[in-house]
Each structure stands twice: as structure tokens, then as C-alpha cells.
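What follows is one structure encoded as C-alpha cells, with my remarks underneath.
The values are calculated or read from the model by the stated rules, or taken from the named source; none is laboratory data. Everything quoted here is computed from the prediction, not taken from an experiment. Because the Cβ atoms are built from the backbone with ideal geometry, glycine has one as well, and the counts that use them run over all protein chains shown.
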Amino acid sequence: MEEVKNLKRILPESIETEVKLQLDSRWWLDKTFGRLNCSYLEGVFLVYGFIESFRLIFLPHVVIGHAAFVSGFLGDLFVPFSLLMVHILYKSLINLKRNVNIKLRKKEFIAPSILITEEELESSVRLAKLDEEYRNRYVKPVMIKTLQYGFDLSFNNKYQLGSGLIAAGLFLLVMFMTLVLKILPENLFMVVDITGPQVRNVFNAWVYAMWGFEWFIIGMATWTLFMIFLLNTKTSGNPIRVRPFESIKECFVSMTSLTLKTSFTLTFITAWISPAVLVWSVTPVVDPKIRAASVIFVSSVVAVMIPVIILSFVVPVLKVDEGMSKTRERLLLLKKHQLEKLKKEKIRKSDPNTYIRIEEHLIQDYKDVQNNPVGVLNVPQILELSVTILLPIITFFISTWV
């Protein structure tokens with residue numbers, strides 16, 4: 001790009017018509033609950049109540065009150081809270097869509113300084129033309145198209161349901177290989193036997209069905225989180241037009257917010273595994289070998305997911321930082337050129353007072369841009385992320401000490 005400096009040779013055909021991102025105001029699951037005449041919050045807890053009704057109806061009353069049985073109610077809360085977290089991500093995507101469309105309409109997406117030549121620096125008209133061409137040849141056909149694909153895929157009902165079915169199917173396949181084909185050690189997946197022989201099969205079938213549904217939710221959420229991660233990293237590095245006294249950071253708030261919410265959702269899912277799996281295993285009826293195997297399983301999951309959680313916010317944050325840096329770099333370039341150009345103007349000698357006033361104004365602009373904080377995260381957000389990373393570790397150790 002440094003050698004070419006010509007958008008026509010490196011970017012797609014120009015799109016001069018107006019474009020904007022499209023995203024429905026309501027998630028398909030939210031619409032489904034709406035058809036049942038209930039809000040989204042009521043809907044997710046309706047799902048939870050439906051799940052728990054099977055526990056009360058099909059399991060004998062003699063196990064009600066047992067520690068392992070009661071702990072299941074707490075573990076099953078993973079379903080409604082996970083669905084609530086995914087819904088928050090959808091609302092954050094709507095906010096991102098709105099902000100991007102506003103920036104498109106106001107022509108605030110601009111070419112990075114690397115594409116600006118001396119000709120553009122010398123003429124505001126040429127610079128405006130470069131920015132327009134950049135929007136037509138990159139922002140509209142590439143960046144917006146990438147964002148639209150991300151919006152379409154991340155919350156598409158077919159892809160979400162398909163991902164959930166794949167995750168649940170893999171879990172049930174493992175169960176089949178363990179319990180029917182006897183390929184895997186049965187002790188690794190043994191359910192706590194707190195019932196008599198006459199109801200054991202019903203109990204086990206319900207537990208495996210419940211676990212399969214929870215894996216369905218995990219698969220659905222994983223697909224959405226992965227797609228949001230991709231669209232966020234692919235579109236956050238673009239410079240945005242700001243005035244010297246405006247906060248650069250404010251222009252990237254929607255992208256930063258989406259990054260933090262995505263990371264926290266991933267952390268929540270990971271953190272819930274420890275109490276959901278380990279709490280029931282402290283009951284006296286659980287074989288110590290099963291307890292040990294459960295601890296090893298959960299600790300392995302946490303150890304693998306911690307680096308994933310870190311990457312889930314580090315990579316997007318670096319891309320947002322890139323966009324903020326490009327925004328400031330371009331503004332500094334323009335102000336520096338204006339100062340150098342002013343020194344060559346005749347006004348320096350013909351009207352010294354006016355010259356000094358303009359120079360002071362440009363110098364102040366330059367200082368404002370230099371002092372404009374471009375750190376993506378503030379102190380509270382850094383603390384929030386630190387707690388977010390530690391949360392799965394904390395829940396794991398608390399669960400092992402119970």
C-alpha cells in the first residue's frame with residue numbers, strides 16, 4: 001500500500017450508492033417467546049421451569065431433599081442465565097449496527113494516513129475525494145459486507161440450532177460409546193445413584209437428556225461467540241473522523257463494549273462448570289474415584305478455557321487500539337502539515353497578529369490530539385477483566401473446598 005497509494009489498483013469496484021447494516025430488532029428466540037405472550041426474561045425462566053418440572057414429575061419424591069437432587073436445581077440455572085447473556089450480546093450488536101450506520105451516513109469513516117499523498121495534503125477537496133473513494137472501495141464493499149455476514153451468521157436460527165444439535169449429538173454419542181458400546185470407561189460418566197433399581201433407568205435417562213440439552217445451549221452460544229469474535233476483529237481497525245477536541249475513545253465505545261460482553265459471556269459459561277459438576281460430587285453417595293475424576297475434568301476445562309478467555313478480549317482490544325491509533329495518527333499528520341503550510345504563507349509577514357492567532361490555534365489542536373487518551377480500557381474495565389479472568393479459577397477452588 002505504501003508503494004501503490006492507489007485504491008483503484010488494490011480494492012474492489014466502487015459502490016457509490018448508500019448502504020447500511022441490517023439486523024432485526026429482536027432475536028428469533030425473543031420472537032418465539034413473544035408468540036407465547038411473554039417477555040424474553042419470562043421466556044427463559046419458563047424454559048427453566050419446564051426443565052425442572054420433569055425432575056419433579058418423573059423422579060420419585062423420596063429423592064427430593066437429597067443434596068445431589070437439590071444441587072441439580074442450581075446447576076440447571078446455567079440454561080436461563082446463558083440465554084440471558086446471549087440476549088445481551090444481541091442487544092450489543094444492535095447498538096454496534098446503529099453506530100456504524102450513523103458513521104456511514106455522516107461519512108465519518110476515513111482513509112488511513114498511509115494512503116494520503118502530498119496532493120491530498122495540499123487540498124481539502126482532494127482529501128475529501130480520497131475519503132469518499134475509500135468508503136466506496138473499502139468500507140462499503142469490504143468492511144460493511146464482512147459485518148453483515150457476521151450479523152447474519154452469528155444469530156441465524158439455522159446456524160445456532162445446528163451448532164447446538166452438533167454439540168448435544170457429540171455428547172450423546174460419547175454416552176452411547178460409554179454405556180452401550182462400552183468403549184469408554186463408565187466411571188468417568190457415572191451418575192450418582194440415589195434411587196432404587198426400579199427408577200434408576202428413568203433417573204439416568206433424564207439426567208443424560210438434561211446434560212444433552214445443556215450441551216445444546218453451549219454449542220449454540222459457542223457458535224455465536226465465535227462469529228462475534230471474528231466480525232469484531234475484522235472491523236475494529238478502521239480510522240474515524242474526529243475533531244481535535246473530541247474523544248477518540250468515544251468513537252469506539254460500541255466495539256469495546258461488545259468485546260467485554262463477549263469475553264464475560266465466555267467466562268460465565270466456563271465459571272458455571274465448576275459448581276454445576278462438583279457440587280453434587282461432595283455428597284456421601286458419590287464414589288471418591290468419581291469425585292477425583294470430576295475434579296480432574298473440571299480443572300482441565302478451566303485450564304484450557306483461561307487462555308481462550310484471554311484471547312477473546314486481547315485480540316479485539318488490539319484491533320480497537322489499532323483503529324484508535326490510526327485515527328490519531330491521521331489527525332496529527334493533517335495538523336502538522338497545516339502548521340508547516342502556515343509558515344510558508346504570506347500572512348506571516350503581512351498580518352503577524354492573525355498569523356500568531358492561527359498558529360496558536362493549530363498548535364493547541366495538535367496538543368489536544370497528542371493528549372487525547374487512546375487507551376482502549378480504563379481502570380474500572382481493566383479491573384473488571386481481571387476479575388473476569390479469575391472468576392472460573394475462583395469458582396473452581398470454591399467448588400473443590402465445599
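Given (1) buried (at least 17 other Cβ atoms within 10 Å of the Cβ); (2) farther than 24 Å from Leu266 by Cα; (3) not aromatic (Phe, Trp, Tyr), identify the lone condition not met by Gly150.
Here Gly150 meets the rest and fails (2).
So if I check each of Thr262, Thr283, which one is modelled with pLDDT of 75 or more, touching a helix residue (DSSP H, G or I) at 6+ places or on another chain (Cβ under 7 Å) and not basic (Lys, Arg)?
So the residue among Thr262, Thr283 that is modelled with pLDDT of 75 or more, touching a helix residue (DSSP H, G or I) at 6+ places or on another chain (Cβ under 7 Å) and not basic (Lys, Arg) is Thr262.
Please identify the pairs in which a residue from the range 38-49 that is more than 16 Å from Glu214 (Cβ to Cβ) has its Cβ atom under 7 Å from the Cβ atom of a residue that is among the charged types (D, E, K, R) and not in a loop (DSSP other than H, G, I, E, B), counting only partners at least 6 apart or on another chain.
Tyr40/Asp30
Read through the list (1) surrounded by fewer than 15 Cβ atoms within 10 Å (Cβ to Cβ); (2) more than 24 Å from the chain's Cα centre (by Cα); (3) assigned to a helix (DSSP H, G or I), then give the number of the only condition that Lys158 fails.
Unmet for Lys158, out of (1) surrounded by fewer than 15 Cβ atoms within 10 Å (Cβ to Cβ); (2) more than 24 Å from the chain's Cα centre (by Cα); (3) assigned to a helix (DSSP H, G or I): (2).
Of the residues in the range 127-147, how many are within 29 Å of the chain's Cα centre (by Cα) and of a type in the set (Gly, Ala, Ser)?
Selection size over the range 127-147: 0.
Met255 - would you say it is surrounded by fewer than 20 Cβ atoms within 10 Å (Cβ to Cβ), touching a residue at least 12 places away in the same chain (Cβ under 8 Å) and either under 28 Å from Ile393 (Cβ atoms) or of a type outside the set (D, E, K, R) (or both)?
No; evaluated as a whole, the condition is false for this residue.
Would you call Val308 surrounded by fewer than 19 Cβ atoms within 10 Å (Cβ to Cβ) and within 24 Å of the chain's Cα centre (by Cα)?
Criteria met by Val308.
Do we find that Lys129 is surrounded by 15 or more Cβ atoms within 10 Å (Cβ to Cβ) and closer than 20 Å to Ile15 by Cα in this structure?
no
Considering only residues that are surrounded by 11 or more Cβ atoms within 10 Å (Cβ to Cβ) and either touching a Gly at 6+ places or on another chain (Cβ under 8 Å) or polar (S, T, N, Q) (or both), which ones fall in the range 330-376?
Of everything in the range 330-376, those that are surrounded by 11 or more Cβ atoms within 10 Å (Cβ to Cβ) and either touching a Gly at 6+ places or on another chain (Cβ under 8 Å) or polar (S, T, N, Q) (or both) turn out to be Gln338, Thr354, Gln364, Gln370, Asn372.
For a quick check of your reading of the model, give me the residue pairs whose first member lies in the range 86-112 and is free of Cβ contacts under 8 Å to residues at least 12 places away in the same chain and more than 17 Å from Thr327 (Cα to Cα), whose second is crowded, with 20+ Cβ neighbours inside 10 Å and aromatic (Phe, Trp, Tyr), with beta-carbon atoms closer than 9 Å and at least 6 apart or on different chains.
Short answer, once both residue conditions are applied: Lys91/Trp27.
State all residues of the range 368-389 that are part of a helix (DSSP H, G or I) and either among the aliphatic types (A, V, I, L, M) or under 19 Å from the mean Cα position of the chain (by Cα) (or both); if no residue qualifies, say none.
Val369, Val379, Pro380, Gln381, Ile382, Leu383, Glu384, Leu385, Ser386, Val387, Thr388, Ile389
So for the range 193-207 (the condition being modelled with pLDDT of 70 or more and under 19 Å from Asp76 (Cβ atoms)), does at least one residue qualify?
no
So which residues in the range 360-376 are modelled with pLDDT of 75 or more and of a type in the set (A, V, I, L, M), if there are any at all?
Once the filter is applied, which keeps residues that are modelled with pLDDT of 75 or more and of a type in the set (A, V, I, L, M), the range 360-376 yields Leu362, Ile363, Val369.
Restricting attention to the range 25-40, report how many residues are surrounded by fewer than 13 Cβ atoms within 10 Å (Cβ to Cβ) and within 19 Å of the chain's Cα centre (by Cα).
Going through the range 25-40 one residue at a time, the tally reaches 1.
Working only within the range 318-346, note down all residues that are out of contact with any Ser or Thr (no Cβ under 6 Å at 6 or more places or on another chain) and under 30 Å from Leu390 (Cα atoms).
Leu318, Asp321, Glu322, Met324, Ser325
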